[in-house]
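Beneath this line is the structure, given in structure tokens, with notes to follow.
Just so it is clear, none of the values below were taken in a lab; they were calculated from the coordinates. Keep in mind it's a predicted model, so treat the numbers as computed, not measured. A quick note on method: Cβ atoms are made from the backbone with ideal geometry, for glycine too, and the neighbour counts reach across all protein chains shown.
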Amino acid sequence: MPLMTLLRPVAALTAVLVLATGCRSTDLGAPVSGEFAAPTTTTVVPATTTAAPTTTTVVPATTTAAPTTTLSPTTTTLPMMEFIAHPRVEDPVEADTDTGPPTLRELIETYLKPEDHAWAEEVAFCESSAQPDDVFSFAVNRSSRAAGWFQHLPKFWEERTEAAGIAGASIADPVAQVQVAAYLLYETSGGRYHWVQSKACWG
């Protein structure tokens, strides 16, 4: 038998197998009724997160200061008194104009009561070494600046001369010295206590 005759059946079988295989492969992915399948498109939408803006409002702290209470300085007003001690308790000693200024004793006898004459002379001596016949005193305390026969304090002098009815009198005036001493002795609650610093001497 010629070779070509033998190969024909083989070639035909091979062709059948090839066709069969091709048709099976084509059927797997082919669309039905000749339709083309639309390509599948997947669109990934990016997630958009919009953050709301954060607004922080700082409320300023308000500090209300407590009201300040201003204390007014305390003023002590001395009671108004009618001074009755400094006028003469005796008739003035009549003297010639040649006798000069009055002595401490004469002033004490003029402005103080008789029962206080000796005491007042002792106080004047203890306070300023005054003698009954002195007509003036130069005694001044270096520490307190107290002055005169009865060592009156300058810080109280103006107030006391006004109360005694002799406002404006000098602390060095001998007459004013005795008049203010009489005011303190008779018209204030302190009385003799005003000279307590020298009580060891006159008491």
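As a footprinting exposure proxy, order Phe125, Phe138 by other Cβ within 10 Å, with the fewest listed first.
Phe138, Phe125
For the stretch 178-185, in order, what is each residue's ³J(HN,Hα) by Karplus, 6.51 cos²θ - 1.76 cosθ + 1.60 with θ = phi - 60°, in whole Hz (x at glycine and Pro)?
3J(HN,Hα) across the stretch 178-185, in whole Hz: 6, 4, 5, 4, 5, 4, 5, 6.
Using the Karplus equation 6.51 cos²θ - 1.76 cosθ + 1.60 (θ = phi - 60°), what ³J(HN,Hα) coupling, rounded to whole Hz, does each residue of the stretch 150-160 give in order, writing x for Gly and Pro?
My calculation for the stretch 150-160 gives 9, 6, 6, 7, x, 5, 10, 4, 4, 4, 6 Hz in order.
Taking amide H positions as placed in the peptide plane 1.01 Å from N, state which residues far from His152 in sequence (5 or more) or on other chains have amide H under 5 Å from it.
Ala147
Could you list Phe156, Phe150 so that the one with the fewest beta carbons within 10 Å of its beta carbon is first and the one with the most is last? Kindly include the intermediate steps, with their values, before the conclusion.
On the way: Phe156 14, Phe150 24.
Ascending Cβ contact count within 10 Å gives the list Phe156, Phe150.
Which GluC sites (Glu not before Pro) does the stretch 152-203 hold that lie in a coil by DSSP with at most 14 other beta carbons within 10 Å?
Working: sites: Glu158, Glu159, Glu162, Glu187; in loops: none.
Nothing satisfies the criteria.
Over the residues of the stretch 103-202, compute the C-alpha Rg and express it relative to 2.2 N^0.38 Å.
Working: Rg = 12.1 Å, N = 100, 2.2 N^0.38 = 12.7 Å.
Taking the Cα Rg and dividing by 2.2 N^0.38 Å, one obtains 0.96.
Determine ³J(HN,Hα), in whole Hz, for all residues of the stretch 100-116 in sequence, where each value follows from phi through the Karplus function 6.51 cos²θ - 1.76 cosθ + 1.60 and θ = phi - 60°; x replaces Gly and Pro.
With the stated coefficients, the stretch 100-116 comes to x, x, x, 7, 4, 4, 5, 5, 4, 5, 7, 10, 10, 6, x, 5, 10 Hz.
At q = 0.30 Å⁻¹, what log₁₀ I(q)/I(0) does a Debye calculation on the Cα points of the stretch 133-181 give, no solvent, two decimals?
Result of the Debye calculation: -1.18.
Sorted by mean Cβ packing within 10 Å, highest first, what order do the peptides 195-202, 102-109 take? Don't skip to the answer; put the middle values down first.
Values: 195-202: 14.0, 102-109: 20.4.
Most protected by this proxy first, the peptides run 102-109, 195-202.
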